[in-house]
Amino acid sequence: MASRTLFIQMIILSSFLLPFSNPADYNYPAVFNFGDSNSDTGGLVAGMGLLVGPPNGHKFFKTSSGRVCDGRLIVDFLMDAMELPFLNPYLDSIGMPSFQKGCNFAASASTILPSHAGSTCPFSFGVQVDQFVRFKTRVLELLPTATANKKIEKYIPVESFFQKGLYMFDIGQNDLTFAFYSKSLDEILLWIPNVLLEFETGIKKLYDQGARNFWIHNTGPQGCLPRNIAEFQTDPSKLDELGCVSFHNEAARVFNLHLHALCERLQNEYADVNVTYVDIFTIKSNLISNHFQYARYCLQDLKNLLWLAVDMEDHH
């Protein structure tokens, strides 16, 4: 329990929290997540029938888990910290997945803006919100049956969870990344408000469905993504002191300024809403710029674990 609480505290201390209209205790009965690959626990794989093989999943799950990474995602750690099970993707129909404690609508490569014929992922933010609306409608239809069939209770949330639950968002990264292949920086900066208008529309639609607790991640330092560095590093003058693509990071900062303003506006507009704005940009930038320091801490922790193991062996 202590480690779970510590993780929540680390996120909070590393983030900027907007004022809460009510005290936050993080004891949510369920979580409903929307996003891209940063929080996709298998949505795109299930929805598109993809096969994602090694090394994906091998660090923790020991097999492919639908996540486009080798271990767990931030959303997995957050769920663990709140003592809730990992979120099953909405589109996963195999193995009788339980949605009693929430549901994940995130899909890798998704964008805030609607997808088009050339999009990698068809499950844009608006589609994810529509999927939630269908999910909630279907749950409410099944709940009377759950009274008679106790088995169903294991798989669907009760009605109150939709208002008391936490709605998490980590999306927008791909809108910026894809835009740089066809737009200049100036064009992107003028275009960002349109992206966030689409995001605001989705948030308000969820509010109309009863959502009241919003946990919103801003976007990270786009210019530090290896893919973007590999693609745009041909001109050294466009790289910052860390070797990141400077104009990508500038676009991310402007995006985050607009997103922060939107979160403040939502908090002020709706008296019964709790909005948490998590500054992922600062958290990741700190990890990148101070990687030697964090590596030293990891090595020290490893050394302590080794000494502990030796000490325990001596006592046997």
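Data table
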| quantity | calculated |
| --- | --- |
| Dipole of the stretch 170-244, positive end: most advanced residue of 242, 201, 185 [Cβ charges, Cα centre] | 201 |
| Taking N as its residue count, the alpha carbon Rg of the stretch 226-266 over 2.2 N^0.38 Å | 1.48 |
| Rg/Rh (Cα only; Kirkwood hydrodynamic radius) as it applies to the stretch 47-95 | 0.98 |
| D_trans [Stokes-Einstein, Kirkwood Rh over alpha-carbon pairs] for the stretch 137-194, 37 °C, 0.692 mPa s, µm² s⁻¹ | 216 |
| The stretch 153-264, accessible area per residue, ligands and nucleic acids excluded (1.4 Å, Å²) | 44 |
| Formal net charge of residues neighbouring residue 75 (Cβ-Cβ distance under 11 Å; K, R +1; D, E -1) | -2 |
| Mean projected area (nm²) of the alpha-carbon convex hull when the stretch 182-251 is viewed from all directions | 6.1 |
| Per DSSP, loop chymotrypsin sites (Phe, Trp or Tyr not before Pro) in the stretch 134-201 with at most 12 further Cβ within 10 Å | 181 |
| P(r) histogram, all alpha-carbon pairs of the stretch 123-258 included - 5 Å bins from 0, percent | 2, 9, 16, 16, 13, 11, 9, 8, 6, 5, 3, 1, 0, 0 |
| List 200, 231, ordered by accessible area with a 1.4 Å probe, largest first | 231, 200 |
| Hydrodynamic radius by Kirkwood, which averages 1/r over all alpha carbon pairs of the stretch 20-81, in angstrom | 13.0 |
| Histogram of C-alpha separations across the stretch 49-168, 10 Å bin width, % | 12, 37, 36, 14, 1 |
| Of the GluC sites (Glu not before Pro) in the stretch 137-182, those whose Cβ has at most 14 other Cβ within 10 Å and which sit in DSSP loop | 159 |
| Neighbour net charge for residue 262 - beta-carbon separation under 12 angstrom, K R +1, D E -1 | -2 |
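The values are calculated or read from the model by the stated rules, or taken from the named source; none is laboratory data. Not measured: the values here are computed from a predicted model. When we count neighbours, we look across all protein chains shown, and the Cβ atoms used for this are built from the backbone with ideal geometry, even at glycine. Keep in mind that these areas ignore ligands, DNA and RNA; they rest on the heavy atoms of the full protein, side chains included. Shrake-Rupley method; radii C 1.70, N 1.55, O 1.52, S 1.80 Å.
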